[in-house]
Amino acid sequence: MTTVTDIAPTAPAKHRAEVATALPPARGQSFLKLVTIELRKSVNTRSGRVLIAAILLIAAVAITWQLTHLPEGPAGFDGFLGAASTGVMLILPVIGVMAMTSEWTQRTALTTFTLSPRRVRVQLAKFVSAIVLSVVVMTAVVLLAFAGTALAGAVTDHTTSYGGLGGQLAGAYLTVALNVVMGAAFGAVIAQTAVAILVYFIAPTAWSLAGPALFKDNANWLDVFGAFGRIAERDLHGMLPETLTAIGVWIVVPTIVGLWASSRREVK
Amino acid sequence: MITVENLTKRYGGTTAVHDVSFTVQPGSITGFLGPNGAGKSTTLRMLTGLTPPTSGTATITGKRYADLPNPGRVVGVMLDAAAQHPGRTGRETLLLNASLLGVPKGRADEMLEAVGLTDAAKRRVGQYSLGMRQRLGIASALLGDPAVLILDEPANGMDPEGIRWMRGLLHDFAARGGTVILSSHLLGEVQATVDRLVVIGGGRIVADCSLEELLAGTGTLVRGLDPIGLNQALTAAGLDLEPLQDGALRVDATAEQVGRAAAAAGQILLELRESDGAGLEDLFFQLTTPTAVAA
């Protein structure tokens with residue numbers, strides 16, 4: 001018969017040790033703090049890191065391919081940026097979707113909304129964090145594109161061309177930010193990761209394919225990719241109402257509905 | 001201090017929680033018991049702002065949960081330890097919450113040590129056992145050094161060492177003036193841990209008193225060398241008794257009365273004690289069966 005020993009992991013009073021009195025006073029959660037926490041959440045999980053690594057890897061591969069398959073004439077930065085952005089445009093919005101849905105799918109909503117009961121603030125912080133993340137990742141891709149262009153100039157006998165740099169960069173950042181926000185809007189209203197991602201990829205594309213066939217020019221009112229394109233070019237072609245409507249229907253409405261629904265949704 | 005007043009929750013035509021009121025005082029541990037579907041979890045969720053009540057109020061230290069600027073510093077909540085992201089490490093989960101609560105990083109490491117997870121801290125939560133996730137949940141609840149703890153099934157998945165450690169931790173917490181409400185189905189453990197009980201059945205409170213009051217008078221357990229003779233002797237002495245499956249008898253009387261009655265009839269006793277164990281479980285069923293609740 002073994003002797004009975006009390007083998008508690010540690011002294012029971014440890015959780016309220018002397019340091020308890022040294023904790024800083026409780027303060028509210030500022031919006032900036034909420035955004036920082038959401039940013040941290042998108043990169044501190046294995047899935048988040050894998051997605052970002054995938055984006056950068058695809059960009060690197062695309063740039064390498066571009067380097068080895070340069071068309072005639074100067075090696076333009078825009079070519080490299082375009083090639084590298086494919087991965088970004090496809091995957092970053094998924095991160096946007098997941099920022100909103102993974103709380104519900106992984107059930108971490110229980111912890112998140114217990115620690116921060118004012119849900120609308122948390123959801124808005126998720127939007128802002130998704131935009132910030134997209135800017136950071138886009139910047140990394142832009143740097144890779146610069147490296148690719150410079151390498152092309154140094155290693156091959158092409159000259160390099162950085163023409164229209166400002167416009168391309170603005171366009172790239174705007175497009176990716178808009179796509180990510182739309183992904184997040186879909187994630188807000190469809191609280192299930194897989195379904196939200198599917199709908200995100202299918203719905204706007206389906207409209208831009210079917211819309212013009214069904215509604216001719218009126219399809220422009222709901223053509224969100226057209227709207228994105230015009231915003232990226234910073235030239236609305238006089239289609240301000242169509243642009244606003246498309247953005248309103250595809251981004252603003254899902255966001256508002258999603259924010260309202262998630263505030264009322266029961267967390268189980 | 002937790003105050004629940006006339007809390008009601010209706011889902012369409014069904015009333016899940018009906019006019020529930022109770023108070024939990026500082027320095028005490030209250031057990032919140034009830035069958036599955038009785039409205040326990042719904043009440044706890046209304047207390048923590050996760051489910052909006054249909055009517056009534058629930059306040060913690062005088063404020064509604066959603067009105068607390070940083071609730072984790074006042075109330076430590078653990079409702080479901082499995083609701084943690086499997087892709088994060090244990091340490092990162094706590095560091096994240098520490099940052100949100102505004103407590104220094106060292107506090108997260110302290111809590112990891114307090115719950116015995118220091119070795120597993122750098123592993124992903126997805127690789128944790130249920131007991132480890134439970135410990136992580138407790139560590140997270142204690143991170144902000146709260147004055148109140150709201151725990152749902154805290155001993156779930158824990159081994160005996162963990163259960164005993166949890167009991168010690170809660171007793172210490174209450175001894176220092178903390179308020180604890182815990183919900184559990186492990187009636188034996190509840191009995192060893194709590195001072196008060198609130199029992200909910202069919203959405204209504206069916207008991208709200210101290211553990212002693214509830215268990216007082218559940219009688220005496222007696223086992224005799226001659227079970228039939230003992231039964232006859234006690235019945236002849238006018239005592240109410242109930243035979244149990246293992247041959248013992250539960251008598252609605254004090255140990256002294258039983259002893260005297262048995263001695264008067266020359267019956268030899270093998271066991272004579274308070275029948276506490278069976279008491280809470282039977283009381284639980286008495287309180288929460290549908291006929292009792294409808295009354």
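Does A:R107 satisfy the condition of being out of contact with any helix residue (DSSP H, G or I) (no Cβ under 6 Å at 6 or more places or on another chain) and among the basic types (K, R)?
Yes.
With respect to B:L79, is the statement that it is modelled with pLDDT of 95 or more and in contact with a helix residue (DSSP H, G or I) (Cβ under 8 Å, 6 or more places away or on another chain) true?
no
If you take just the helices (runs of 4 or more DSSP H) that sit entirely in segment A:217-268, which of them hold at least 2 residues that are of a type in the set (V, I, T) and within 20 Å of A:I202 (Cβ to Cβ)?
A:253-264
Which of (1) assigned by TED's automatic domain parsing to the domain that holds B:V77; (2) under 30 Å from B:G37 (Cβ atoms); (3) not acidic (D, E) does B:Q245 not meet, given it meets every other one?
Looking at each condition in turn, B:Q245 falls short on (1).
Condition check ((1) within 14 Å of chain B (Cβ to nearest Cβ); (2) crowded, with 19+ Cβ neighbours inside 10 Å) across all residues:
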residue: A:H69; (1), (2): no, no
residue: A:G76; (1), (2): no, yes
residue: A:A84; (1), (2): no, yes
residue: A:A99; (1), (2): yes, yes
residue: A:T112; (1), (2): yes, yes
residue: A:V122; (1), (2): yes, yes
residue: A:L133; (1), (2): no, yes
residue: A:V136; (1), (2): no, no
residue: A:L143; (1), (2): no, no
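Say whether the condition of being at pLDDT 90 or above and either exposed (fewer than 13 other Cβ atoms within 10 Å of the Cβ) or within 27 Å of B:M166 (Cα to Cα) (or both) is met by at least one residue in segment A:40-56.
yes
Considering segment A:243-268 alone, what residues qualify as being under 16 Å from A:T101 (Cα atoms), free of Cβ contacts under 8 Å to residues at least 60 places away in the same chain and away from chain B (no Cβ under 14 Å)?
Listed by number, the list holds a single entry, A:I256.
Collect the residues in segment B:127-164 that are free of Cβ contacts under 8 Å to residues at least 24 places away in the same chain and facing chain A (nearest Cβ under 9 Å), keeping them in residue-number order.
B:E161, B:R164
How many residues does segment A:90-125 hold that are in a helix (DSSP H, G or I) and either of a type outside the set (S, T, Y) or on the phi > 0 side of the Ramachandran plot (or both)?
Adding up the residues that qualify gives 24.
Condition (residue is modelled with pLDDT of 90 or more, under 30 Å from B:P52 (Cβ atoms) and among the hydrophobic types (A, V, I, L, M, F, W, C)) applied to segment A:60-83: is it met by at least one residue?
no
From the list A:A152, A:A185, which residue is among the hydrophobic types (A, V, I, L, M, F, W, C), buried (at least 19 other Cβ atoms within 10 Å of the Cβ), at pLDDT 85 or above and in a helix (DSSP H, G or I)?
Residue meeting the stated conditions: A:A185.
Please determine whether any residue of segment B:35-49 is closer than 22 Å to A:R118 by Cβ, assigned to a strand (DSSP E or B) and touching a residue at least 12 places away in the same chain (Cβ under 8 Å).
The answer is no, given that none of the residues of segment B:35-49 is closer than 22 Å to A:R118 by Cβ, assigned to a strand (DSSP E or B) and touching a residue at least 12 places away in the same chain (Cβ under 8 Å).
Is there a residue in segment B:225-242 that is assigned to a helix (DSSP H, G or I) and in contact (Cβ under 8 Å) with a residue 40 or more places away in the chain?
There is no residue in segment B:225-242 that is assigned to a helix (DSSP H, G or I) and in contact (Cβ under 8 Å) with a residue 40 or more places away in the chain.
If I go through segment B:95-126 residue by residue, how many of them are of a type in the set (D, E, K, R), facing chain A (nearest Cβ under 7 Å) and more than 28 Å from the chain's Cα centre (by Cα)?
Going through segment B:95-126 one residue at a time, the tally reaches 1.
Here are A:L236, A:L169, A:L240, A:L209: which of them is under 24 Å from A:V132 (Cα atoms) and either of a type in the set (K, R) or away from chain B (no Cβ under 14 Å) (or both)?
Result: A:L169 is the single residue among A:L236, A:L169, A:L240, A:L209 that is under 24 Å from A:V132 (Cα atoms) and either of a type in the set (K, R) or away from chain B (no Cβ under 14 Å) (or both).
Inspect segment B:72-93 for any residue being surrounded by 19 or more Cβ atoms within 10 Å (Cβ to Cβ), facing another protein chain (nearest Cβ under 10 Å) and either without any contact (Cβ under 8 Å) to a residue 12 or more places away in the chain or on the phi > 0 side of the Ramachandran plot (or both) and give the result as yes or no.
yes
For segment B:103-199, please list each of the helices (runs of 4 or more DSSP H) lying entirely inside it that holds at least 3 residues being within 20 Å of B:A82 (Cβ to Cβ).
Ranges flagged: B:130-142, B:160-175.
Going by the structure shown, is A:L92 farther than 30 Å from B:L95 by Cβ, in contact (Cβ under 8 Å) with a residue 12 or more places away in the chain and of a type in the set (A, V, I, L, M)?
Spelling it out, it is not the case that A:L92 is farther than 30 Å from B:L95 by Cβ, in contact (Cβ under 8 Å) with a residue 12 or more places away in the chain and of a type in the set (A, V, I, L, M).
Can you pull out the residues in segment B:50-71 that are within 11 Å of chain A (Cβ to nearest Cβ) and either surrounded by 24 or more Cβ atoms within 10 Å (Cβ to Cβ) or without any contact (Cβ under 8 Å) to a residue 60 or more places away in the chain (or both)?
B:L50, B:T51, B:P52, B:R64, B:Y65, B:A66, B:D67, B:L68, B:P69, B:P71
Output the residues belonging to segment A:25-49 that are in a helix (DSSP H, G or I), within 17 Å of A:Q106 (Cβ to Cβ) and at the interface with another protein chain (Cβ under 9 Å from one of its Cβ atoms).
A:I37, A:R40, A:K41, A:R46, A:S47, A:G48, A:R49
With respect to B:A207, is the statement that it is part of a helix (DSSP H, G or I), of a type outside the set (S, T, Y), closer than 26 Å to B:E5 by Cβ and in contact (Cβ under 8 Å) with a residue 24 or more places away in the chain true?
Taking the combined requirement at face value, the residue does not satisfy it.
The values are calculated or read from the model by the stated rules, or taken from the named source; none is laboratory data. All figures in this text were calculated on a predicted structure; none of them were measured in a lab. Counting neighbours? That spans all protein chains shown, and the Cβs are built from the backbone with ideal geometry, glycine included.
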